[in-house]
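Data block below; observations after.
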Amino acid sequence: MFFADFATALTLTFGYMFSRSVTMQYPDKEKWLPYARYRGHHFLKRDEEGEIKCVACELCARICPCDCIEVVPYEDDKGNRRPAKFEIDMARCLFCGLCEDACPADAIALGQQYEFSSFSSRDLVIGRDNLLGKPGKATTGGGVVAARLNTEQDVLVVTSAPHGYNWWRNIRRT
Amino acid sequence: MELIVALGLIAFKVAFLIAMLLLLPLPLTWLERKIAGHMQQRMGPMRVGWHGLLQPVADGIKLLTKEDHIPAEADRFLFKLAPILALAPPFVVFVAIPFGESVSVLGHEITLYVSNMNVALLFVFAVIGIEVYGVIFGGWAANSKYAVLGSLRTCAQMISYEIPMGFAVIGVVMLAQSMSLLEIVRAQAGVWNIVYQPVGFFVFFVAGLAEAQRIPFDLAEAEGDLGAGFHTEYSGIRFAFFMVSEYAIVLLVSVLVVILFFGGWNGALVPLPPLLWFLLKVAFFVYLFIWFRFTFPRYRYDQLMAIGWKVLLPLSIANIIITGVILGAATAP
Ligand code: SF4
Ligand code: SF4
């Protein structure tokens with residue numbers, strides 16, 4: 001029909017006018033919480049005694065397609081092989097997660113943190129102790145949480161209680 | 001004494017109109033961006049003020065303080081003249097626009113129009129025709145190919161669409177037996193013209209969209225293919241002039257549609273103050289303009305010409321003939 005398509009188009013846009021917006025007001029109001037499978041910044045795990053799990057086998061360094069992990073082993077006082085130096089060059093990493101898969105000791109994984117941009121690529125070479133302190137995998141995820149920008153603490157976003165977990169389901173897709 | 005009061009009143013009305021027209025783009029840009037945002041599942045401006053309400057003010061300050069750049073090869077006189085030429089006519093036109101009959105303030109009857117011309121409609125069309133010169137000069141003077149292309153398109157578009165637009169209102173004039181906008185509204189006290197003149201309204205509205213250079217007829221500033229069209233080289237306050245002019249024309253076309261076809265300040269069903277009725281209807285049409293902008297794609301240039309000459313013009317002429325025949329038959333002895 002003549003003009004029927006115009007009417008359809010207008011009703012469609014009108015409907016969208018009252019739909020939820022997909023905008024996330026990052027970083028000073030809202031922030032996205034990644035899913036547990038998200039591959040973000042690496043972190044190194046500790047065992048039950050609080051010791052680093054890594055046995056410095058260098059498998060991760062070998063399998064890394066970007067050649068961005070550098071491991072130097074040493075023998076600690078208990079006679080265990082541990083990394084004296086464990087550095088990941090985040091500027092080169094492509095977040096493939098192969099290092100996580102290769103690790104025989106389940107010592108390295110890619111966590112939930114995604115806010116680590118930097119003005120200098122040198123700052124992106126992350127050392128062992130730093131990696132041990134990085135946040136782990138997300139336990140809950142796929143939602144928007146209230147946040148506020150903390151300028152004191154680099155660009156890290158402080159989040160409060162999560163809300164709106166079915167965010168993705170709530171938006172309108174036609 | 002009488003004369004001084006009358007002159008003072010006119011001066012006050014003119015000043016009020018100018019202030020209103022200059023300030024209206026502020027809420028309109030905000031509204032347009034908000035509506036655009038929500039239609040595209042975004043939020044639009046959010047940061048300056050409550051829900052971005054002060055964003056237009058911030059933008060205004062930005063435009064005022066920006067460098068006023070004139071290209072080296074530009075025709076400086078025309079370049080400076082064009083924004084004023086684009087801005088002045090839409091303002092002048094509002095002199096002839098009635099916003100209602102009259103209100104009584106402090107015992108005085110104050111009419112809600114600056115002047116009641118008996119040829120107001122003609123005046124409106126004559127003056128608004130000048131606006132196109134601003135666009136043409138602006139594009140020409142900038143000495144940039146995008147700007148020239150933009151103004152060439154405008155030229156052709158304005159000429160093509162002013163004809164059906166002018167023809168479309170003849171039916172209304174026939175019905176009201178007057179060219180005075182006031183009389184036209186009074187003639188619609190019973191039944192609105194839209195009932196008798198649906199085709200006239202359609203032609204007028206589509207041509208109005210083209211005259212205001214809004215999507216789907218905004219070929220003059222098609223940002224996809226021409227940079228920004230005729231105002232590509234304009235910056236700062238001169239650019240703001242073009243923007244204000246565009247919003248003034250959007251408002252003007254909405255006001256004209258309401259006056260000519262939707263009964264002006266004549267209410268229906270709910271008894272509201274006439275001025276409120278009028279503003280509500282105008283607001284609806286302004287919203288329609290924005291709504292269209294974010295719904296339809298832009299017409300191609302040949303399609304634009306085809307619509308103007310092959311659809312709107314025959315339609316408007318047929319409308320005149322049919323209206324004339326029916327009127328003649330109805331009034332025949
Ligand atoms: S995620 Fe891939 S690229 Fe990054 S360090 Fe691990 S193996 Fe290398
Ligand atoms: S992180 Fe895993 S794979 Fe890499 S050196 Fe340590 S134990 Fe080996």
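Every read-out reported here was derived from the displayed coordinates using simple, explicitly stated rules and does not represent laboratory data. Remember, predicted model here, so these are calculated numbers, not experimental data. Every residue, glycine among them, receives a Cβ derived from its backbone with ideal geometry; neighbour counts consider all protein chains shown.
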Burial ordering of A:87, A:51, fewest other beta-carbon atoms within 10 Å first:
A:51, A:87
Name the residue farthest towards the positive end of the dipole of region A:42-134 from the options A:73, A:131, A:88, assuming +1 on Cβ of Lys and Arg, -1 on Cβ of Asp and Glu, about the Cα centre.
A:88
What ³J(HN,Hα) values, in whole Hz, does the Karplus curve 6.51 cos²θ - 1.76 cosθ + 1.60 give for region B:145-150 when θ = phi - 60°, with x put for Gly and Pro?
5, 5, 5, 5, 4, x
Here the averaged projected area of chain B, based on the convex hull of its alpha-carbon atoms and given in nm², is 20.2
If packing is taken as the average count of other Cβ atoms within 10 Å, what order do B:54-67, B:256-269 fall into, highest mean first?
B:256-269, B:54-67
Other chains' Cβ within 10 Å of A:19-28 residues: what's the mean?
3
Please give the Cα centre distance for region B:296-333 versus region A:7-34, rounded to the nearest Å.
40
Calculate log10 I(q)/I(0) of region B:1-138 for q = 0.18 Å⁻¹, where I(q) comes from the Debye formula with a single equal point scatterer on each Cα and nothing for solvent.
-1.14
Angstrom value of the Kirkwood radius, inverse mean 1/r, which spans all Cα pairs in region A:42-134:
13.4
What Kirkwood hydrodynamic radius, in Å, does region B:137-177 give when the mean of 1/r is taken over all pairs of distinct Cα atoms and then inverted?
11.9
Treating each Cα of region A:15-83 as an identical point scatterer and ignoring solvent, apply the Debye formula and state log10 I(q)/I(0) at q = 0.12, 0.19, 0.24, 0.27 Å⁻¹.
-0.59, -0.93, -1.15, -1.24
Fewest-first sequence of B:182, A:10 by Cβ atoms within 10 Å of each Cβ:
A:10, B:182
Could you work out, for the protein assembly as shown, what percent of all Cα-Cα pairs fall into each 20 Å distance bin, beginning at 0 Å and stopping at the bin that holds the largest distance?
18, 38, 24, 15, 5, 0, 0
Taking 0.36 nm per residue of separation between residue B:145 and residue B:111 and subtracting their Cα-Cα distance, the length gained on full extension comes to 7.5 nm
What residue among A:12, B:9, B:94 has its Cα farthest toward the positive end of the dipole of the protein assembly as shown, where the charges are +1 on Lys, Arg and -1 on Asp, Glu, each on the Cβ?
A:12
Can you work out the Karplus-derived ³J(HN,Hα) for every residue in region A:91-99? Use 6.51 cos²θ - 1.76 cosθ + 1.60 with θ = phi - 60°, whole Hz, and x for glycine or proline.
5, 9, 4, 10, 6, 7, x, 5, 4
Quick calc, residue A:14 & residue B:23: beta-carbon distance into FRET formula, R0 25 Å, rounding 0.05, result 0.35
Cα centroid distance between region B:39-67 and region B:131-195, in Å?
31
A correct Karplus calculation of ³J(HN,Hα) over region A:57-73, with 6.51 cos²θ - 1.76 cosθ + 1.60, θ = phi - 60°, whole Hz and x for Gly and Pro, returns 6, 6, 5, 4, 4, 5, 7, 4, x, 9, 6, 10, 9, 10, 10, 10, x
Where is the GNM fluctuation largest for chain B (alpha-carbon springs, 10 angstrom cutoff): B:98, B:45, B:83?
B:45
